[in-house]
Amino acid sequence: MELAFVGAELVDAGTRRTGWRLAIAGSRILAVDHERSRAGAAVDLSGFLVVPGFIDLHTHGGGGVALHTTEPDEIWAYARWVTRTGTTAFLVNVVGVPEGLPERQLVAAVQAVTAHDQGALPLGIYLEGPFLNPSRRGAHHPSWLRLPDRALAERLLSLAGGHLRVVTLAPELPGALDVLDRLVAAGVTVALGHTDATYEVARQAFARGARLLTHCFNAMPPLLHRAPGPLGALVECPEACGELVADGHHVLPPVMRVLTRALGPERTVVVTDAQPGAGLPTGTTFAFAGLAARVDGDLARLADGTIAGSLLTMDRALRNLVELVEVPVEQAVRMLSEAPARALGLTHRKGRLAPGYDADLVVLDPSLRVHGTVCRGRVAYASPAFAERLVAAGVPLERDVGEPANAPGSTP
């Protein structure tokens, strides 16, 4: 079916356009032009913004659902839930397990990726570990960690079956650079993180092909005037991107401002690093890879008080960038769509509102709250206001695309 959206303000690639038609056919964007719809339904979105779908590279779950799991059904449930936050694609984050490798979790992730049907698209696997520095492990339990080893890397690649997209490692550990070389050769994006690397070591790792820095400022040495550390090396590597957990807690707004200005919208990859507790009430308990955690206001914490990821959603991250960091909407949108697509080498089909690209769209009101999410041409989430526009245009709605009044995970 061909479907056109008219009347909305299109925000894409750092620009705003009004009076344009966005037409989709099947799973792709057919046209973005000045013409009125000539075929199919035309949905009047006057008063709304349409932006490219958000891509969350680094998330552990949300809505009570964990991505580090042995059950593909849990990952599919997350894919359906997360569309209400504007996310149209994500990576399945797998962490460590005690005294071994997360083999069952990787198998489940592969099954979820290859048999996905509805909601946000799992683009592959993000393996955060096990080659992390114990001194910068954060919420990762010591029993999950391993020294870098080529044989272990080969096993992980085999288990992932070609779906391993990102691996976080600490480049200063013995054998880490050899593992880095193998992962890069396999087409995996290597991220530096949970690391005590010096500027010199991090710069060497970027020179050998690392292209991402995991949750900048967190679980790494600080940026100092005589010890620039991994952050200084990142700024100097134009091919690399940096993750930013834009909740205003992991990195305070003034420092978020410094990072976004240093990297620009092309290299700042906004992530949630969200836990299964995202969207749940304060005091709710949940499990992070077997560890007990709880919702503590805007943060997720382990029993000992350690911050264990965030409770952020991508739509809230967008508003934080605009409201707390004073990033223009046009640039903030790029950090949630085009920049993550660039980090994954998917700029040919993701992160833009352009003909031939995947029809991944988010409909926002002027306060930047999500009213609709379209995943590869299918309406995956619709607020009552967006649903009303669709019905008025004669567009049939699939079951379960709306939001009940008491739905968990809504983001005020």
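The values are calculated or read from the model by the stated rules, or taken from the named source; none is laboratory data. This one's a predicted model, so the numbers in the text were calculated from it and none came from an experiment. Virtual Cβ from ideal backbone geometry, glycine too; neighbours counted across all protein chains shown.
Selection of region 302-315 for residues being over 13 Å from the mean Cα position of the chain (by Cα) and either surrounded by fewer than 24 Cβ atoms within 10 Å (Cβ to Cβ) or in a helix (DSSP H, G or I) (or both) yields Leu302, Ala303, Asp304, Gly305, Thr306, Ile307. Summed over region 248-298, residues that are part of a loop (DSSP other than H, G, I, E, B), crowded, with 16+ Cβ neighbours inside 10 Å and aliphatic (A, V, I, L, M) total 4.
Among the candidates Asp73, Asp44, Asp33, which residue alone is in the same structural domain as Ala332 (by TED's automatic domain parsing) and either buried (at least 19 other Cβ atoms within 10 Å of the Cβ) or among the acidic types (Asp, Glu) (or both)?
Details: Asp44 fails: in the same structural domain as Ala332 (by TED's automatic domain parsing); Asp33 fails: in the same structural domain as Ala332 (by TED's automatic domain parsing).
Selected residue: Asp73, the only one of Asp73, Asp44, Asp33 that is in the same structural domain as Ala332 (by TED's automatic domain parsing) and either buried (at least 19 other Cβ atoms within 10 Å of the Cβ) or among the acidic types (Asp, Glu) (or both).
Residue pairs whose Cβ atoms lie under 9 Å apart, separated by 6 or more positions or on different chains, with the first residue in region 2-26 and in contact (Cβ under 8 Å) with a residue 24 or more places away in the chain and closer than 20 Å to Ser337 by Cα and the second among the polar types (S, T, N, Q) and surrounded by fewer than 16 Cβ atoms within 10 Å (Cβ to Cβ), are Ala8/Thr18; Ala8/Ser46; Glu9/Thr18; Leu10/Thr18. Scanning region 117-159 for residues that are out of contact with any Asp or Glu (no Cβ under 9 Å at 6 or more places or on another chain), within 30 Å of Val362 (Cα to Cα) and modelled with pLDDT of 95 or more turns up Gly119, Pro122, Leu123, Gly124, Ile125, Tyr126, Leu127, Glu128.
Kindly establish whether Ile55 is β-branched (Val, Ile, Thr), touching a residue at least 12 places away in the same chain (Cβ under 8 Å) and under 28 Å from Glu9 (Cα atoms). Yes.
Of all residues in region 354-364, those being touching a Ser or Thr at 6+ places or on another chain (Cβ under 9 Å) and either in a loop (DSSP other than H, G, I, E, B) or of a type in the set (Asp, Glu) (or both) number 3. Determine if region 76-83 includes at least one residue that is in the same structural domain as Arg165 (by TED's automatic domain parsing), touching a residue at least 12 places away in the same chain (Cβ under 8 Å) and in contact with a Ser or Thr (Cβ under 6 Å, 6 or more places away or on another chain). There is at least one residue in region 76-83 that is in the same structural domain as Arg165 (by TED's automatic domain parsing), touching a residue at least 12 places away in the same chain (Cβ under 8 Å) and in contact with a Ser or Thr (Cβ under 6 Å, 6 or more places away or on another chain).
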